[in-house]
1. Hey, can you tell me all the residues within region 185-228 that are assigned to a strand (DSSP E or B), over 17 Å from the mean Cα position of the chain (by Cα) and more than 15 Å from LEU173 (Cβ to Cβ)?
2. What residue, among those in region 279-301 that are in a loop (DSSP other than H, G, I, E, B) and in contact with a Ser or Thr (Cβ under 8 Å, 6 or more places away or on another chain), is least open to solvent (accessible area, probe 1.4 Å)?
3. For region 120-137, indicate whether the set of residues that are open to solvent by less than 60 Å² (accessible area, probe 1.4 Å), at pLDDT 90 or above and not in a helix (DSSP H, G or I) is non-empty.
4. Any idea which of (1) assigned to a helix (DSSP H, G or I); (2) without any contact (Cβ under 8 Å) to a residue 60 or more places away in the chain; (3) surrounded by fewer than 20 Cβ atoms within 10 Å (Cβ to Cβ) is the one GLY460 doesn't satisfy?
5. Which of the residues belonging to region 26-48 are at pLDDT below 95 and in a loop (DSSP other than H, G, I, E, B)?
6. Considering only residues that are polar (S, T, N, Q) and surrounded by 10 or more Cβ atoms within 10 Å (Cβ to Cβ), which ones fall in region 423-434?
7. Considering only region 535-544, I want to know if a residue exists there that is surrounded by fewer than 16 Cβ atoms within 10 Å (Cβ to Cβ) and over 38 Å from the mean Cα position of the chain (by Cα).
Amino acid sequence: DVLERIEPHTHAVPHAQRGDAVIEPWLTDQWYVDAATLAKPALEAVKSGKTRFVPEKYAADYNRWLDNIQPWCISRQLWWGHQIPAWYGPYLKDGRIIVEDNPLISRQFFVGESEEKVRIEAEKFYGRQVAFDNGHGPSLVEQLVEDKIVYLHRDPDVLDTWFSSALWPFSTLGWPEQTKEVARYYPTACLVTGFDIIFFWVARMMMQGIHFMKDVPFHDVYIHGLVRDEKGRKMSKSIGNVIDPLEFIDKYGADALRFTLAALATQGRDVKLSESRVEGYRNFATKLWNATRFAEMNECRRVEGFDPASAKETVNLWIAGETQRAAAAVTAAIDAYKFNEAATAIYEFAWGTTCDWYLELTKPVLAHGTEAAKAETRAMTAWVLDQIVALLHPFMPFITEELWERTGANGPARTTMLALSNWPTHSGLGNADADDEIGWLIRLVSEVRSVRSEMNVPGGAKIPLLLVGASEITHARATRHNDTILRLARLESIALSAAPPKGSAQVVVGETTVCLPLAGVIDMAAEKKRIAKEVEKVGLEIKKVTDRLGNPQFMGKAPAEVVDELRERQTEWEVKAARLKAALQRIEAE
């Protein structure tokens with residue numbers, strides 16, 4: 001009889017994502033921090049360069065957040081976390097609060113008149129003057145509660161997770177005690193983190209670090225990208241593209257995954273992680289292991305006091321210089337936080353320069369050289385491999401430490417683990433004449449291999465090599481390295497020639513025209529037709545990609561990862577087109 005009528009009313013009612021319970025607003029008192037005051041010195045620290053962002057562009061994000069900062073609500077109604085150190089009790093009139101003398105919040109009391117009343121009651125009980133904090137033993141609040149003079153209950157809220165996280169640079173070191181760890185490790189050198197928490201974590205660590213420690217918590221902030229799938233998509237359970245790092249580690253090893261992430265960590269860009277890349281770097285680890293086994297089988301042992309600058313053999317002078325250049329490149333890239341460049345530099349030196357060339361070039365020396373040449377080459381090989389595992393250690397710590405220990409038995413005893421050894425630094429190594437000669441040899445073999453590949457020369461076909469216009473220096477080099485060139489380029493012979501013979505492919509190395517007579521080995525007309533068709537096909541692919549990238553409507557709507565993929569494909573097609581056109585020109589030169 002009391003109910004007059006029911007009118008249905010449709011409105012949006014929020015529900016919890018997990019429990020599907022109705023969420024209703026509930027106004028409560030909250031704790032706030034005056035973030036604007038804390039932000040001022042944190043902003044100045046970055047503007048003055050005391051703390052810098054790498055890449056530098058992320059400093060703008062940091063500044064934008066702090067320039068527009070609002071009061072920070074730090075209380076949360078959860079059952080886990082750091083409980084707010086505030087107490088309520090009967091002597092605190094008008095809802096006033098005692099905030100314990102705790103550096104997590106403040107070293108001030110917000111009690112007003114009630115502080116004096118608590119002090120009076122305490123002095124009545126103790127018969128003497130008391131202080132809220134004398135720096136020794138329990139505080140007054142703790143003592144009053146223990147002696148049951150004042151009955152307090154603690155605020156049930158906990159601190160915001162980011163507030164607690166912001167204490168990390170110093171709270172983990174034993175602060176507020178002035179421990180030796182605080183003195184040694186605060187401030188730290190570098191913070192590595194993602195761009196999505198520049199405000200939530202980085203800025204708040206800066207604010208609290210400067211406030212409590214009177215100094216910035218770190219000097220450099222290295223911002224890395226997100227790890228995405230190989231198509232550039234953010235990993236998502238709903239999409240089903242989440243990569244479990246433990247599965248990759250079980251399959252390919254922790255070193256391979258670690259090196260992959262470093263090699264793809266271009267500054268300011270996300271990482272597109274694919275299984276094939278991890279597998280490739282697992283093969284790199286295998287290559288290094290096999291190279292060490294090769295050296296062991298050829299009795300390459302470390303020699304006490306070996307000086308690479310004392311080498312006499314051309315190939316050893318060359319590799320000493322290459323080692324010095326590689327160490328400098330890796331060091332400079334790491335110092336600049338360009339980890340992809342550092343990884344690329346050590347990869348190219350270890351696999352390309354050392355395994356593909358140096359070990360191959362030294363095989364004749366180890367097999368047929370003089371005893372002095374063999375001894376020098378063995379010592380140099382062991383030294384170079386030591387430098388490789390040291391330079392590679394930050395990227396592949398497990399296999400390099402293992403190799404360091406295993407090779408320690410071959411020569412003088414190791415005095416320390418690889419992780420604690422000195423970083424490779426070299427000067428005064430190399431020789432310009434050796435660099436020129438071995439550089440010429442590598443270019444010659446590489447060009448011949450490229451011609452054979454591009455023109456579909458059968459792998460087993462042995463063909464002659466003719467040098468047209470060769471200088472005396474080039475002729476002498478070709479004579480000295482005759483057996484190596486024949487073996488590495490799969491040639492029948494090397495000879496001088498006055499002019500290129502008909503039906504030969506030609507490349508220029510230095511002042512010399514290098515000719516490969518292919519008439520009778522391949523069908524030159526058919527090969528010309530095939531390559532021309534490939535050039536046309538690649539040209540169409542380049543046009544498709546270029547047209548899409550030049551379309552303003554497409555560029556305005558396409559996701560960044562799609563645009564990046566198209567640009568990568570464009571570069572790949574253009575490189576392939578250049579190779580095919582070079583091969584076609586060699587044939588048309590006939």
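1. Taking region 185-228 and keeping what is assigned to a strand (DSSP E or B), we get 188-194, 218-224, 227-228.
After this cut, where a residue has to be over 17 Å from the mean Cα position of the chain (by Cα) as well, the list is 188, 218-219.
Passing the criteria: only HIS219.
2. Of everything passing the filter in region 279-301, CYS300 is least open to solvent (accessible area, probe 1.4 Å).
3. no
4. Unmet condition: (1).
5. Residues satisfying the conditions are TRP26, LEU27, THR28, ASP29, GLN30, TRP31, ASP34.
6. Residue satisfying the conditions is ASN431 alone.
7. Yes, that holds for at least one residue.
Residues are listed down the side, and each one gets a yes or a no for (1) of a type outside the set (A, V, I, L, M, F, W, C); (2) open to solvent by less than 50 Å² (accessible area, probe 1.4 Å); (3) more than 29 Å from ARG487 (Cα to Cα); (4) not in a helix (DSSP H, G or I):
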| position | (1), (2), (3), (4) |
| --- | --- |
| VAL330 | no, yes, yes, no |
| ASN340 | yes, yes, yes, no |
| PRO364 | yes, yes, no, no |
| TRP383 | no, yes, no, no |
| ASP386 | yes, yes, no, no |
| LEU391 | no, yes, yes, no |
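The values are calculated or read from the model by the stated rules, or taken from the named source; none is laboratory data. Small disclaimer: the values here were computed from a predicted structure and weren't measured. Because the Cβ atoms are built from the backbone with ideal geometry, glycine has one as well, and the counts that use them run over all protein chains shown. Surface accessibility is based on the protein's heavy atoms, side chains included, excluding ligands, DNA and RNA. Shrake-Rupley method; radii C 1.70, N 1.55, O 1.52, S 1.80 Å.
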